[in-house]
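This report refers to the structure that appears directly beneath it.
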Amino acid sequence: MGGGGSVVNSSHRDDTPVLITEAQPSYDDQQAQRRRRYAIMMASRIPCLVIAAVVFQLWQLWWLSLIILAISIPLPWMAVLIANDRPAKKSEHVNRFRRSPHSIESRSHQVIEGA
């Protein structure tokens with residue numbers, strides 16, 4: 001067909017929504033992110049235990065093994081705290097009038113009396 005009009009190919013159109021507000025992520029998105037953090041922290045405990053055992057077996061560095069174990073001990077507790085914590089609300093700057101000591105209203109004014 002003629003006419004010079006452009007044809008939009010629907011397979012190349014991006015259907016993802018455009019973020020036009022500063023709204024926080026949905027509760028489901030927040031929960032999914034917290035689950036990922038929990039899983040990563042809990043999964044990192046196993047390699048810490050294995051590394052501590054390997055360090056002790058290969059080099060007999062018991063003090064380094066104890067440090068690695070000490071790092072792995074609070075991981076489950078921290079993972080639970082982080083998983084149950086919601087993200088902090090964004091701080092919004094509210095523009096309020098603050099009177100400064102050098103503003104026009106605060107200094108004394110000369111009074112001219114008429115006759």
Could you figure out which of (1) exposed (fewer than 10 other Cβ atoms within 10 Å of the Cβ); (2) over 30 Å from residue 25 (Cβ atoms); (3) at pLDDT 75 or above isn't true of residue 54? (1)
Can you confirm whether region 27-34 contains a residue that is closer than 21 Å to residue 89 by Cβ, in contact with a helix residue (DSSP H, G or I) (Cβ under 8 Å, 6 or more places away or on another chain) and part of a helix (DSSP H, G or I)? yes
Consider region 42-53. How many of its residues are in contact with a helix residue (DSSP H, G or I) (Cβ under 9 Å, 6 or more places away or on another chain) and either more than 24 Å from residue 83 (Cα to Cα) or in contact (Cβ under 8 Å) with a residue 60 or more places away in the chain (or both)? 3
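The values are calculated or read from the model by the stated rules, or taken from the named source; none is laboratory data. What you are looking at is a predicted structure, and each value in this text was computed from that prediction instead of being measured. Note that we place each Cβ from the backbone using ideal geometry, even for glycine, and neighbour counts take in every protein chain shown.
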